1. On the basis of being open to solvent by 40 Å² or more (accessible area, probe 1.4 Å) and closer than 30 Å to Lys539 by Cβ, does Tyr431 make the cut?
2. All but one of (1) out of contact with any Ser or Thr (no Cβ under 9 Å at 6 or more places or on another chain); (2) part of a strand (DSSP E or B); (3) open to solvent by less than 80 Å² (accessible area, probe 1.4 Å) hold for Ala79; which doesn't?
3. Among Trp311, Trp320, which is the only one that is crowded, with 24+ Cβ neighbours inside 10 Å, over 24 Å from the mean Cα position of the chain (by Cα) and in contact (Cβ under 8 Å) with a residue 12 or more places away in the chain?
4. For segment 171-193, which residues satisfy the criterion of being of a type in the set (Lys, Arg) and in a loop (DSSP other than H, G, I, E, B)?
5. Looking only at segment 151-170, which residues are outside any strand (DSSP E or B) and crowded, with 17+ Cβ neighbours inside 10 Å?
6. Can you name the condition, by its number, that Arg113 falls short on among (1) of a type in the set (Lys, Arg); (2) exposed (fewer than 14 other Cβ atoms within 10 Å of the Cβ); (3) closer than 23 Å to Gly52 by Cβ?
7. Quick one: in segment 465-479, which of the residues that are over 19 Å from Arg338 (Cβ atoms) and within 29 Å of the chain's Cα centre (by Cα) is surrounded by the fewest Cβ atoms within 10 Å (Cβ to Cβ)?
8. Could you please find all residues in segment 238-258 being open to solvent by 50 Å² or more (accessible area, probe 1.4 Å), without any contact (Cβ under 8 Å) to a residue 60 or more places away in the chain and either more than 28 Å from Val507 (Cβ to Cβ) or within 18 Å of the chain's Cα centre (by Cα) (or both)?
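The values are calculated or read from the model by the stated rules, or taken from the named source; none is laboratory data. This one's a predicted model, so the numbers in the text were calculated from it and none came from an experiment. A quick note on method: Cβ atoms are made from the backbone with ideal geometry, for glycine too, and the neighbour counts reach across all protein chains shown. Heads up: the accessible areas ignore ligands, DNA and RNA and are worked out on the full protein's heavy atoms, side chains in. Shrake-Rupley method; radii C 1.70, N 1.55, O 1.52, S 1.80 Å.
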Amino acid sequence: MAACAGGGNVCPQTPNAVAPSTSTPTATPTPTSNAPPASTPTLSLLLRPLAGDHAPFVHVELDFTAIPSPLGAVTIRRAPAARVQQATAKDAQGDLTVTAKPSGDGVELAFDREPHGSLHLAYDVLSGDPDDPLGLWVQDDRFRGAGEMLVALPSSVEDTPMPFLLRIDGGPLRLPVAASSLGVGAVKKTTLAPRALRYVSFLAGSVGAMVIDDPAMGHDEGAWLGYTRSAMNDSLRSHAEMSWTYLFLSQTRPIGSFTTTPRSGSVLVQVGPSEPWSAALKLSVAQQLARFWIGGETRVGSSPNNEGDAWWFSEGVARWFATKVLAHAGLIGPDDVRDAIAGELSVLATSPFAKSDNTNLGHLAMKSDVARATMMARGALYAAVESTTLRARTKGQVGLETILATFVERSEDDKQRGFTPAQWLDALAKYDPSAGSRFNAFIMQGAPIELPPGALGPCFRAGTGEYVAYDPGFDVEATQTSSDARVVGVREGGPAAKAGLQNGSVVESMTMRDGDVDVPVKLVVGFAGAHMSIAYAPKGARGRGQTWTRVRGIADERCGDTL
């Protein structure tokens, strides 16, 4: 890995290539001056996830050298005996017969005779529950497993520190990146007591990875499955070659007051040091990533001198798609999806521009943040309604992401990035004859939008209620970034002005939760030599619109696929 200049830098980690191995025992390396003495046990572990003819599984191979005698019981802590199959073994004297039998919550691998000298052990473990963090899960694009479910260990060597080699071979399933509790990479060498392997997790697939080298703080590595970029790429059937960068800038900001800004091949995220990795932040970051395809690789043509009239697509449909992908990947839950939809419904219920036609709203959106938010909410809700309609008409076979994928494929294969609204409607009309009238009403004319009753699945019930717009009454972003910490943009007649806040006041402290009308804005400011504490509710315009209420007694896992 190339070194990072300076301290505290985040560098991408390129996994080591792993040559496919066979089921034959791993050869013991020829001892060198640096090798452990012949009497020191060594251990190597190979994990190879496979699709299987009937069920996915992981092929496991363990090689021990210099094993003691007696070896003791060889057990896998949590794997049921029925899920451990095709067990074989060999020692220095030849083949061993292996029998898998239940032992407590796991399985014991018993041999027909006592192994001597060395031991090569191979077996398969069938995939199980995807939600069990201590289990095993294999599917076509990812693998996650726990040592408790995978690794067979002899009791006699569990606590003996020894040289250890790990190999995760994702080649058969084309899983590009691997990681484990031992760090990022498909091959890892270390020294450990084998018992530690019972508490190691293993990953392979479209894994996000990072390595942080800081001379002052040390070395850290991170990896994650459910990689948003890969999920979007797969959903859109894209084969675009891209490199995406996440740039995080820590600032003095209240919790919830973050910004995500799209940049070339990247997104700039400005957050406070205590900002949680919340559903709202995940969605905002994912939305900027979605715009690489929706509005980037594939875009709707805008009118001359009115770039904003296409933002229903590049911002609104991208927002819907980001929500859909995060929910499908399990990165946000059903309540998070409902909250995102409620936020968009709230914008349309309280915006003074909600009834503007698309042409006028586009012009306004290039100057007004409220108008831009209105355009985004309109596009996102339109996409949710259209996708729900498509799924209902095709019995779940086609959703809006299917239509988006056809345009992405066209843009990548034919290099035709731009298309007209008429082309968009022609693609939808193949499955939804009412697509044209819906688009004209919701997008072009600004008609009120309500989602169909089952759009959010069985966990939520539609109703009607009042929304209150979040309105701090001054320009929070400009105030936070002003060089002299002075208040900027106090709006006449707004909640901040009514509470006594004035432009030019020096902010000494500020507490708020962006987007939450129930959390008061609290400031201590200095003005004309005096100090003053100000507190007020950041409540703005009110309006009625569709609401969604959680149905009691239905667990998240029964909510189904929404949007």
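1. No; evaluated as a whole, the condition is false for this residue.
2. Of everything listed in (1) out of contact with any Ser or Thr (no Cβ under 9 Å at 6 or more places or on another chain); (2) part of a strand (DSSP E or B); (3) open to solvent by less than 80 Å² (accessible area, probe 1.4 Å), Ala79 misses just condition (2).
3. Working: Trp320 fails: over 24 Å from the mean Cα position of the chain (by Cα).
Going through Trp311, Trp320 in turn, just one is crowded, with 24+ Cβ neighbours inside 10 Å, over 24 Å from the mean Cα position of the chain (by Cα) and in contact (Cβ under 8 Å) with a residue 12 or more places away in the chain: Trp311.
4. Here is the first cut: in segment 171-193, the residues of a type in the set (Lys, Arg) are 174, 188-189.
Arg174 - this is the single residue of segment 171-193 that is of a type in the set (Lys, Arg) and in a loop (DSSP other than H, G, I, E, B).
5. Of the residues in segment 151-170, the ones outside any strand (DSSP E or B) are 151-152, 155-161, 169-170.
Within segment 151-170, Val151, Ala152, Val157, Asp169, Gly170 qualify.
6. Condition not satisfied by Arg113: (3).
7. Within segment 465-479, the match that is surrounded by the fewest Cβ atoms within 10 Å (Cβ to Cβ) is Glu477.
8. Glu241, Ser243, Thr245, Tyr246, Leu247, Phe248
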